[in-house]
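Encoded as structure tokens, the structure appears first; notes follow it.
The values are calculated or read from the model by the stated rules, or taken from the named source; none is laboratory data. It should be emphasised that the depicted structure is a prediction, and the values quoted were computed from it without experimental measurement. When we count neighbours, we look across all protein chains shown, and the Cβ atoms used for this are built from the backbone with ideal geometry, even at glycine. Only protein heavy atoms, including side chains, enter the accessible area calculation; ligands, DNA and RNA are left aside. Shrake-Rupley method; radii C 1.70, N 1.55, O 1.52, S 1.80 Å.
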Amino acid sequence: MVLADLGRRINNAVGNVTKSNVVDADVISNMLKEICNALLESDVNIKLVAQLREKIRKQIDAEDKPGINKKKLIQKVVFDELVKLVDCNEAELFKPKKKQTNVIMMVGLQGAGKTTTCTKLAVYYQRRGFKVGMVCGDTFRAGAFDQLKQNATKAKIPYYGSYTETDPVKVTFDGVEEFRKEKFEIIIVDTSGRHRQEEDLFEEMVQIGKAIKPNQTIMVLDASIGQSAESQSKAFKESSDFGAIIITKMDSNSKGGGALSAIAATNTPVAFIATGEHIQNFEKFSGRGFISKLLG
Ligand code: GDP
């Protein structure tokens, strides 16, 4: 189910409560059942859906006082709990500081939109007055450096990479050191998204992490990957303990529920979302904004 349909179904479920003459336990149960089915069909993890159901139910009970407008209360609780589902630890989001080196390591599977997102993030910070450089740490895929170089050149962002060095740990270390010496304030390190064996990829992330000691690691996640979002993000969480997520391809006509599951399963905030292939298709994530749009 696409995100717009998910929003419509949740709205309809809440709307049915608003339209009914009496709001009793049955009406609330029906609403919860419909919301949960819609979430499940959008690939949100079953455990999370069950938890959400209980939280909504408990919150409605807790706030249901005599004289309160129960229909309004239910609308508010559903909205607030959905926001909480996507909006964890926002206060912990990394805020780079000027006049010091902030190393940002980007991880994620090939095709997620990592290289594109590196440039978007670089431009985002450059526009805010930071001195930004990009490092290509993908020595596995032929053409990865050229792609980063092309993107960086177009966006006028200094870059570092190598056509000959095959050790990603060495390239990323050298690149970070070079930019550090030149007092760059933000160094964005792109990494590989594929390997012969998946375990090798995760091991590579561990080794690069040890070498460059990032101040922030960000996982780039494709909104359309469905159920595998949870296991994929857990595997990256173990190998590179990312502190934020960027969800890409929010413009695609796809299920977004997998992304919701990944956020909730890793308990990691979403920093930005990407909504298209172009540099400007990039925005800060807001849980309230996301859910408001979803239920638009
Ligand atoms: P990487 O393998 O993770 O580095 O992924 P790339 O940056 O090469 O992106 C893979 C493809 O996804 C490219 O064709 C990008 O143009 C496209 N892409 C990246 N971000 C978005 C997005 O937010 N929306 C859409 N529609 N396409 C995107």
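Please go through the range 156-187 and pick out each residue that is within 16 Å of the ligand (Cβ to nearest atom) and among the hydroxyl-bearing types (Ser, Thr, Tyr). Correct list: TYR159, THR172. In the range 91-114, the condition of being in contact with a strand residue (DSSP E or B) (Cβ under 6 Å, 6 or more places away or on another chain), open to solvent by less than 70 Å² (accessible area, probe 1.4 Å) and part of a helix (DSSP H, G or I) is met by at least one residue. Filtered by the rule that a residue be within 11 Å of the ligand (Cβ to nearest atom) and open to solvent by 20 Å² or more (accessible area, probe 1.4 Å), the range 116-139 gives a lone residue, THR116. Applying the set (1) outside any loop (DSSP other than H, G, I, E, B); (2) in contact with a Gly (Cβ under 7 Å, 6 or more places away or on another chain) to GLN126 leaves exactly one unmet item: (2). Among the candidates ASP146, ASP190, the residue that is open to solvent by 50 Å² or more (accessible area, probe 1.4 Å) and either within 16 Å of the ligand (Cβ to nearest atom) or without any contact (Cβ under 8 Å) to a residue 12 or more places away in the chain (or both) is uniquely ASP146.
Among the residues of the range 171-184, just one is under 28 Å from the mean Cα position of the chain (by Cα) and of a type in the set (Lys, Arg), namely ARG180. Across the range 203-220, the number of residues qualifying as in a loop (DSSP other than H, G, I, E, B) and either closer than 15 Å to ASP138 by Cβ or open to solvent by 50 Å² or more (accessible area, probe 1.4 Å) (or both) comes to 2.
Condition check ((1) closer than 15 Å to ASP87 by Cβ; (2) of a type in the set (Lys, Arg); (3) part of a helix (DSSP H, G or I)) across all residues:
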position: ALA229; (1), (2), (3): no, no, yes
position: ALA235; (1), (2), (3): no, no, yes
position: SER239; (1), (2), (3): no, no, yes
position: ILE245; (1), (2), (3): yes, no, no
position: SER252; (1), (2), (3): no, no, no
position: ALA259; (1), (2), (3): yes, no, yes
position: ALA262; (1), (2), (3): yes, no, yes
position: PHE272; (1), (2), (3): yes, no, no
position: HIS278; (1), (2), (3): no, no, no
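Here the range 259-296 is the region considered, the condition is being at pLDDT below 75 and within 13 Å of MET219 (Cβ to Cβ), and the residue that is surrounded by the most Cβ atoms within 10 Å (Cβ to Cβ) is ALA259. Every listed requirement among (1) buried (at least 17 other Cβ atoms within 10 Å of the Cβ); (2) among the polar types (S, T, N, Q); (3) over 30 Å from ASP222 (Cβ atoms) is met by ASN45 save one, (3).
Tell me, which residue of the range 193-202 that is within 16 Å of the ligand (Cβ to nearest atom) and surrounded by fewer than 21 Cβ atoms within 10 Å (Cβ to Cβ) is nearest to PHE242 (Cα to Cα)? Among those that are within 16 Å of the ligand (Cβ to nearest atom) and surrounded by fewer than 21 Cβ atoms within 10 Å (Cβ to Cβ), it is PHE202.
Residues that are closer than 24 Å to ARG8 by Cα and open to solvent by less than 10 Å² (accessible area, probe 1.4 Å) were ranked within the range 244-258; the one that is nearest to the ligand (Cβ to nearest atom) is THR248.
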